[in-house]
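A short worksheet on the structure shown next.
Throughout, read-outs are computed from the coordinates displayed, never taken from laboratory work. None of the values given here were measured: they were computed from a predicted structure. Neighbour counts are summed over all protein chains in view; Cβ atoms, including those assigned to glycine, are modelled from backbone coordinates with ideal geometry.
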Amino acid sequence: MRGSLNRRESGYEDGSAPSRSLLQWWFGRTHLVTTPDGNQSEFQYFFAQREALETIIYLLDVVGYRDKYDLMRFDASGEVKASLFDETWRRLVVKMATGAGGRHDRQQGGPGNDR
């Protein structure tokens, strides 16, 4: 799926307007955070955090993910079966990266974290 996600150069033209706006806010501008010594530094997302967000937007905006069968198309192992999913509601779970919501993020702040 990673090859399908390479939409950065096009500005995510196949994403919805709200998704493009959010991606521009998160990754197209500089976000300054206050460091423990009181100085300002540029906040940097982990690459996997960006890829996780891009993946969710891709699945919703481009693929049109609606249910478990849509997700199963991306199983390269052939081991994912519909019986593994008990839910009848949509759910996307992604691993963000080391530090996502952890101690590092709380210390460093970040976009939308006005400490």
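Quick notes on this one:
- Region 12-36 residues near the modelled F43 label - backbone nitrogen below 16 Å, point 7 Å along Cα→Cβ: 22-36
- Cβ crowding within 10 Å averaged over residues, with 19-27, 73-81, 48-56 ranked highest first: 48-56, 19-27, 73-81
- Phi angles across region 67-76 convert, under the Karplus curve 6.51 cos²θ - 1.76 cosθ + 1.60 with θ = phi - 60°, into 3J(HN,Hα) values of 7, 4, 5, 5, 5, 4, 4, 9, 7, 6 Hz, Gly and Pro given as x.
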